[in-house]
1. What's the local net charge at Gly153, with K and R +1, D and E -1, over the other residues with C-beta under 9 Å away?
2. Using a 10 angstrom Cβ neighbour count of at most 13 plus a DSSP loop assignment to flag exposed GluC sites (Glu not before Pro), which longest range of the chain is free of such sites?
3. With label points built 7 Å along Cα→Cβ from the Cα atoms of Asp201 and Met116, find their separation and express it in nm.
4. For the chain, what does the accessible surface come to per residue with a 1.4 Å probe? Please give it in Å².
5. List the residues of region 228-259 whose backbone N lies under 20 Å from a point placed 7 Å from the Cα of Asp300 along the Cα-to-Cβ direction.
6. Which one of Met86, Gly337, Asn164 has its Cα pushed farthest toward the positive end of the charge dipole of the chain, where Lys and Arg give +1 and Asp and Glu give -1 at the Cβ?
7. Kirkwood-based Rg over Rh for the chain (C-alpha set), two decimals?
8. Out of all DSSP beta bridges with both ends in the chain, state the antiparallel percent to the nearest 5.
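The values are calculated or read from the model by the stated rules, or taken from the named source; none is laboratory data. Note that the structure is a prediction, hence the values are computed from the model and not measured. Here the Cβ positions follow ideal geometry from the backbone for every residue, glycine too, while neighbour counts run over all protein chains shown. Accessible surface areas use protein heavy atoms only, side chains included; no ligands, DNA or RNA. Shrake-Rupley method; radii C 1.70, N 1.55, O 1.52, S 1.80 Å.
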Amino acid sequence: MLPNGIRVVTEYMPHVRSVTMGVWVWSGTRFEPAEKPGIAHFLEHAVFKGTEKRSAYQIAQSIESLGGYLNAFTGRELNCYFARVMDSHLPVAVDVIGDLLQSSKFDPHEIEKEKMVVIEEIHGLEDNPEDLVSELYAKLIWQPHPLSRPILGNAPSVSSFTRNHLVAYLEDRYRNDLIYVIAAGSVDHKALVDLVRDQYDFPADGPDGDADVRLDAKRLDKRVLSKDIAQVHLCLGGVALPYGHPSKYALFLLNAVLGGGMTSRLFQKIREEAGLAYSIYSDLDFYMDTGQICISAGVDPKDAQRTIDLIRRECRMLCEQPVPEEELRDTRSQLTGSLYLSLEESGSVMNRLARAEIYDNTHASVDETVRKLEEVTTADITELAETIFTPENTYLAAVGPVSEDDIAL
């Protein structure tokens with residue numbers, strides 16, 4: 001940690017010449033003012049529109065002219081600004097991202113143009129049923145907590161943003177104690193620390209973040225958005241575990257068994273045997289104090305209820321019957337192989353480093369993660385399934401040519 005509170009974490013990767021560096025900020029959807037949904041994401045866009053010393057074109061040109069890549073993303077808890085460059089160009093990446101976050105002009109004319117861009121992004125999401133059902137599902141399971149808000153916000157909110165709103169949010173969330181600089185690849189730790197120390201300094205510590213998730217036991221368990229499209233897109237699942245939970249490794253294996261690939265139970269039962277869906281999978285999201293598991297599928301409207309019933313049956317089977325040792329062994333091998341293959345790409349390593357440091361305040365190696373996976377037993381998976389797949393923790397979101405009365409949990 002630097003004297004001003006910014007944390008710098010690196011992992012050296014031999015035999016590569018690239019570096020992926022990300023500046024991560026506790027600044028996602030859950031921290032937005034209630035009256036300004038989408039401002040974390042809009043700010044991510046706005047900083048690229050020009051700084052005191054670079055135009056929007058010069059920002060892009062400064063990295064792309066070196067053969068590098070510059071981008072950013074917004075999640076429900078984090079913003080990340082990242083670049084992938086040759087190792088000799090890391091000082092340029094540090095300078096450009098620092099310039100974005102510390103010297104953006106937020107020109108009112110550029111802000112007005114970017115509002116139109118983001119509103120079109122919102123319209124694009126509304127036209128994409130897979131993305132739309134995911135947002136509907138998040139709203140369903142997290143309501144009324146801020147995690148339920150759409151990451152992009154909504155058109156009226158985006159239209160209302162001003163330069164003063166952006167500056168105020170930047171000053172509130174982009175603080176030294178909330179910022180992590182993470183890099184992986186051909187990187188010298190001391191050299192990066194020196195660069196960050198010389199160039200990065202944000203406001204000092206401020207107020208704490210929002211309160212832990214407290215969910216209303218009387219929440220709805222189903223939401224259906226009728227839309228005239230060919231398929232019904234489904235998200236079914238429930239609240240799961242926070243990132244730092246000790247049962248996280250059992251959850252990784254449970255998720256892989258259930259819907260983690262072509263050999264998973266859902267893929268085999270619903271696609272291969274029943275022929276109901278082209279795409280069927282389960283996925284996990286982890287946050288500071290909670291998490292979710294979501295099973296996603298797109299099916300013919302006439303097959304929606306049958307698909308839901310089959311998904312729920314597979315979830316119940318994980319509660320009622322221990323995963324056979326051979327299946328657990330193969331699934332563990334699948335995850336282990338994926339983890340080690342991810343070590344070959346600096347972006348994947350940077351993301352893993354960042355989440356371990358931000359959520360767990362640790363620098364766990366892949367070998368340590370594999371050891372934790374090896375410790376998981378079939379009984380651990382059954383016990384976790386019994387906790388997660390309960391009737392009161394089962395939620396369903398659907399988008400397509402159906403009504404609330406057409407499908408049931």
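1. So the surrounding residues net to +1.
2. 53-343
3. Between Asp201 and Met116, the label points sit 4.0 nm apart.
4. 45 Å²
5. So the set is 228-235.
6. Asn164
7. We get a ratio of 0.98 for the chain.
8. Taking every DSSP beta bridge with both residues in the chain, the antiparallel ones total about 80 percent.
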